[in-house]
Amino acid sequence: MKRAYARREFLKTGVAAGAASLLAGRADGRPGGRRAASGDGAESGRALAPPPGPVVVASGNGLRATDKAMELLRGGASPLEAVIAGVNIVEDDPEDITVGYGGLPNEDGVVELDASVMSGPAHAAGAVAALRNIKNPSRVARLVMERSDHALLVGEGALRFAKAHGFVEENLLTDKARRIWLKWKETLSDRDNWFPPKPEKAPAEIAAFVASYGTINCVAIDARGDLAGVTTTSGLAFKLAGRVGDSPIIGAGLYVDNEVGAAGSTGRGEANILNCGSFTVVEFMRRGLAPEDACREALKRIIKTTGYQPHLLDAGGRPGFGLNFYAINKKGEFGSASLWSGQSFAVHDGTENRLIECPYVYEKKKG
Ligand code: GLY
């Protein structure tokens, strides 16, 4: 069912200026548990603020996505159309080895992609998981939402569905990703039949990719106050074949409630799935928390529940993995929070497209 309701027509007067002043002073995310986006409403007069102009938020690899999405929103595209077109740039880019074409493969050297989309006005979602040979899983996820009665298709069925809609299969494994995978495979064990090249320099080189979760999330609100989001990924590098992360799980890697806001995630999917992270962020916003504070509260919950799984904790008893949330509320306020320092998120607030440092819970040791 598409937009079978009467949407509120917001006054357009002063939207751009209103949004700009609303966001001013909340853009310089201060690390160390300080706010990038105020949650108390004291300085912003939010209750009296006009409806937001378009705002687009994405993970740190999404600066081109936020730019594209804003361009489309300004041209009258729906938020769903805008965010998908935005992330398609990154899905198509072989240099981003965590998303789409050029993403790192599973342990067998096969690229398997996960993606979800969600549209606020229709409260509809679609997703695909473990999809092979199709470089834009976000577009297939949209078709699952719009052209099927299902919410999630996986593996062979997802591929058949994509092909039925005219998608053409292609090899997603770039030479760069294959070489990284091969080094991982050759240095995994000294008791198998794979030998690394001499001199052996691979372990240090590939260390950065092991337990790498990558992903792009992009959420947006348009000038009418309608919300949408998308999350797309090649998932955990060198995963078991068939492993599905949080990105295509509605409520974990993405959630949108058109009355409240939108949220998405990047990072360790397993931890997020166990806590319905994006749904949790939206529920915290429903209770009145500002987006950044809602992201932080969801992270706190993940930290708590990770405590039940000692093998996931580092020597200091902290989660030994990364996880980030990104959120926009119905007023166009945005925020993010990360478990660990050193992360950023992309925002186009209608006036400027920029990267902002994520507020974080734990300071990463330098070096
Ligand atoms: N968040 C991406 C994944 O876990 O696959």
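Take LEU274 and decide whether it is without any contact (Cβ under 8 Å) to a residue 40 or more places away in the chain, hydrophobic (A, V, I, L, M, F, W, C) and open to solvent by 20 Å² or more (accessible area, probe 1.4 Å).
yes
Among the candidates LEU172, LEU182, single out the residue that is at pLDDT 90 or above, in contact with a Ser or Thr (Cβ under 9 Å, 6 or more places away or on another chain) and over 25 Å from ALA271 (Cα atoms).
The unique qualifying residue is LEU172.
Would you confirm whether any residue within the stretch 311-323 is closer than 16 Å to GLY264 by Cβ and surrounded by 14 or more Cβ atoms within 10 Å (Cβ to Cβ)?
yes
Can you tell me which residues in the stretch 345-361 are open to solvent by less than 40 Å² (accessible area, probe 1.4 Å) and either part of a strand (DSSP E or B) or polar (S, T, N, Q) (or both)?
PHE345, ALA346, VAL347, HIS348, ARG354, ILE356, TYR360
Out of the residues in the stretch 285-308 that are away from the ligand (no atom under 16 Å from the Cβ), under 25 Å from MET145 (Cβ atoms) and hydrophobic (A, V, I, L, M, F, W, C), which is surrounded by the most Cβ atoms within 10 Å (Cβ to Cβ)?
ALA294
Going by the structure shown, is ASP108 at pLDDT 95 or above and either of a type in the set (Gly, Ala, Ser) or within 16 Å of the ligand (Cβ to nearest atom) (or both)?
Answer is no for this residue.
Which residue pairs have Cβ atoms closer than 6 Å, lie 6 or more positions apart in sequence or on different chains, and pair a first residue in the stretch 330-353 that is under 17 Å from VAL83 (Cα atoms) with a second residue that is open to solvent by 10 Å² or more (accessible area, probe 1.4 Å) and charged (D, E, K, R)?
ASN353/ASP67
I'd like the residue in the stretch 231-267 that is within 8 Å of the ligand (Cβ to nearest atom) and under 27 Å from LYS330 (Cα atoms) and, out of all such residues, is surrounded by the most Cβ atoms within 10 Å (Cβ to Cβ).
THR231
Conditions first: (1) at pLDDT 65 or above; (2) surrounded by 11 or more Cβ atoms within 10 Å (Cβ to Cβ); (3) assigned to a loop (DSSP other than H, G, I, E, B). ALA211 passes all but one, so which condition is the exception?
(1)
For the structure I just gave you, tell me whether VAL281 is open to solvent by less than 20 Å² (accessible area, probe 1.4 Å) and either more than 15 Å from the chain's Cα centre (by Cα) or more than 16 Å from the ligand (Cβ to nearest atom) (or both).
Considered against the rule, which asks whether it is open to solvent by less than 20 Å² (accessible area, probe 1.4 Å) and either more than 15 Å from the chain's Cα centre (by Cα) or more than 16 Å from the ligand (Cβ to nearest atom) (or both), VAL281 comes out as no.
The values are calculated or read from the model by the stated rules, or taken from the named source; none is laboratory data. No experiment lies behind these values; they were computed from the predicted model shown. Neighbour counts run over all protein chains shown; Cβ positions are idealised from the backbone, glycine included. In case anyone asks, the SASA skips ligands and DNA or RNA and just uses the protein heavy atoms, side chains included. Shrake-Rupley method; radii C 1.70, N 1.55, O 1.52, S 1.80 Å.
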